[in-house]
Structure formats: C-alpha cells, structure tokens
C-alpha cells in the first residue's frame, strides 16, 4: 500500500473543524478500517450456510432462525443515523473504535450463545455495533483521501465488501466442516475474536481523527423520527414474506412512509435554519441530513443507482444459498465452494476497477458491470430451465460472469455518490449511503422472496428469481444515464468541486 497518498486530517488545534490536507495518509489506515468492513460483510452472509447447523444444535424454530438473520439487519439499518451523527460530534475515529470493540464482544456472545434467544439478542448487538462502524468508514475514506488516491481507496473498500460477501459462504462452509475444537457453527462467529483483538490496538495509531465543524447537536427529534421510520420499514420487509403479509405489516409500511415524509420536512427546515443562521455553539441543532446534498446530481442519481444495485445483492446470495442447499442438496462446504466462481470473477475486476474507471469513466464502468451481471444471471436462468442440465458445474459460467459485473459496480457506485460531497457533510452523506444499502438489501429480499416462494418447484423458483434480478440489473444500467458526465469520482474532479465550495466550508 502506497504511503504517498494524499490525505486530509485535522490539525491538532482544529479537532472540531473540517480536516485539512495532509501530505500522506497514515500507513495502517486502510488495513484497519477495511478489516472492520470485512467483518461486517462476513457476518451478514456467513449465516446463510450456518443456519442448518445452528438450527439443529439449538433446537431453534422457524421464527428464531428468521430472527438470527433479521435481528442483525434490522439493528444495523435502524442504528446508522444515530451512529453517523455520533461520529460527526464526538469524532469518527473514537466512534469507530467503540463500534469495533463492541462488535468483537458481540461476536463472542454469538459464538457462546446457549439458546436461540440468546443468539438473537447477540445478533442484534452485533448489528448495532456494525452501525457504529459503517458511516465512520465511508466518512474517513472521504476525508482522508483525495483524487486518484481516493479512487483507489474506494476500490479497495468495494473489493473488501465483495470478498466478505462472496467468500463468506466458503469461509463458513470451511469452518463448519473443520469443526475446530468441536465448535461447529459457533466458529463462524468466534473467528471475529482474533481479528478484532488484532485491529483494536491499531485504531488510535492508524486512523486520523475528524469530525464535523462546530460539533453538531444530536437532533433528538430527527433521531426518533428516522429510527422509528426505518424500523417500521425494515421489520415488515424482513418478516412479511414468511408470515404471508398480515395486516400489521401493511400498517407498519404505511406508518413508516408517513414518518419518513415528516422527517424530510423536519430536515429541510433545519437545513434552511442552519444555512441562514451561523451555528456557533456546540448545542446548536443541525440536521441529520443536510438536504442541500440532494442538489448535487451525482449524489441524488448515485443514491438511486445504489438502491437498484443493493436491491439485488442480499436477495441473490440468499436465493443461491437456498437453491444449492435445498434445491441441489449440497452441504455447507459444497455450497461455499460453488460461491468461489463468483469470487474469482469478482477478484479479477475489482482489483482493476480504478483503472477501468479512469479509462471509461464511472458511468460507463457501472453500465458495463450491470450488463455483465444481467448476462450472468441470464445464464443461471438457463440452468434452471433445463437448457444446461448437467449438474452444479453448469452454474459456474453464469456465476463467474456475474462476479465480473459485481467487481465493476461496487466501488464506482459508492464513490460517485460521495466523491463530490463537501468534507463538512461527509458524515451526513455517509450514513445516507449506508442506510440505502441496508434498506435496499432488506427490500430486495422481501421482493425476490415473493418471487422465490411463489413458485412451487425449486428449479422454477430459482429461475424466476434470477430472471427478476437480471431485470433489476438492467434498471441499474438505465439509471446510469442520469449520472452527470465526468462525475466527481474521476481523479481531480473532487478537488475542483471542493475548490468551488471552499468559501462555504465551516
């Protein structure tokens, strides 16, 4: 990792101010924050292959099994907004370190859980801890790097997320098969202990501290509104398909949309107030989401592209895991090995995405990735409908092509949203992006779950699901045209944007 990357870190006398440009980034910055990113992605997806084992060991019923997955996602989505503001106010390094420590402890609690109920509680704690880390990672990447260095940093962020998601299935299968010390599925969670304990001492040494100007207030009304709204949105999306959408799920969804509308009005008023009145006290109420962010076309259109992309990711991995273990009869290790076909394609493109983006631009790179993913999903559909009836090995070409596409999308679709954001708004923008990712994943699982469980035959269920996902990737390709040409992620463009906005920074 190069140590000559441009960085932005606060001077000692400016701990409450926007970070200033520094000549080099701390040597261990990326390894530390990407370790946390990997742990979070791993724990979202490793559960897919661990569910059958833990269900038998703990005697967990269907509802408990659902909550092992849902508890993490719900807590993560609901906690992101508060976590983002805590980082803005108290320091992103400090909140990141707290989140990493709590995540490590919660992982130990998951691995040692004596009952299904205890495991669900520990998974909720894991989700809340992951929420403390998520917005800080994106904000630190945005404020610590610039130009070409920032493009490379986001490329490594995308690589790490994909590796955790794709190889999480294989890692889980290997750990369960190895049965180290007779731990079985528990090792899927306990593996985080040595990783977290190794990373924790490096946080203070490797991460620059940064926070938003004037240490913004927590906005308790905004926190209450958005947390309640996101809980009301994500909870029925997770539980609705399994419960056949009872009345309460519809009421929750309607109520959450109403609360989100109230939250939007509240944030717009707070933004207007802070724009016309200089906030000079540490207790000044500032918006959780500065609505001026949405005036930036790259930010607004990029969020829609983020939503379209993440709608498909969590649902695809879940549908594929179900198809391999229940439709094809593979065990956890066998299913994990099949996922390596996606991983190989992903590693090939994700390692070179920043070069492709520098040559083609972010718009064309994202569009190319979306088209490759649609092609790969189409090839998978052929295996479901008998066009390539030759066993599991015929899934490999489609999975490989899908992985190639994923590697071209994850980093650019994140950097295009954040690269042009003013550093003083980095925390607000980061939690918005993180929330869109989590809500998009939950919404995708709900929608594709309707398609999957609506088909009686396992092969038809898989075929219809991947075709629906292919259409979703084509929607992503269509959304790319709304991104501005020469988006902020191109080297040098972010600096030009910040130079234009410099008089407005705190």
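A short reminder: the numbers here are calculations on the coordinates, not readings from a lab. As the structure is a prediction and not an experimental result, all values here were calculated from the model. We place every Cβ from the backbone using ideal geometry, glycine too, and count neighbours over all the protein chains shown.
Quick look at the numbers
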| read-out | value |
| --- | --- |
| Ranked 38, 72, criterion: other C-beta atoms within 10 Å, fewest first | 38, 72 |
| Efficiency of FRET between residue 360 and residue 474 - r from beta-carbon atoms, R0 22 angstrom, step 0.05 | 0.70 |
| In nm, spacing of pseudo-spin labels at residue 90 and residue 108 (7 Å Cα→C-beta vector) | 2.0 nm |
| Rounded to 10°, Cα long-axis angle of helix 220-243 versus longest principal axis of the chain | 10 degrees |
| FRET E, pair residue 243, residue 57, Förster distance 22 Å, beta-carbon r, rounded to 0.05 | 0.30 |
| Ordering of 176-183, 435-442 by burial proxy (mean other Cβ atoms within 10 Å per residue, highest first) | 435-442, 176-183 |
| Gyration tensor verdict on the stretch 39-79 (Cα atoms; rounded if a/c is under 1.5, prolate if a/b is larger than b/c, oblate otherwise) | oblate |
| FRET efficiency, residue 344 to residue 115 (Cβ-Cβ, R0 35 Å, nearest 0.05) | 0.35 |
| Full-stretch length increase - residue 459, residue 264 - with 0.36 nm per residue and alpha-carbon distance subtracted | 65.9 nm |
| Paramagnetic reach from residue 297 in the stretch 414-443 [backbone N under 15 Å; point 7 Å along Cα→Cβ] | 417, 420 |
| Label-point separation, residue 385 to residue 177 (7 Å along Cα→Cβ), nm | 3.3 nm |
| Average projected area [Cα convex hull, the stretch 160-214], square nanometres | 5.8 nm² |
| Contact order normalised by residue count of the chain, Cα under 8 Å, 6+ apart, percent | 22 percent |
| Helix 297-322 axis, angle to the chain major axis (alpha carbon atoms, nearest 10°) | 20 degrees |
| Mean ellipticity per residue at 222 nm, deg cm²/dmol - from DSSP H runs of n ≥ 4 across the chain, formula -39500 (n - 2.57) | -25000 deg cm²/dmol |
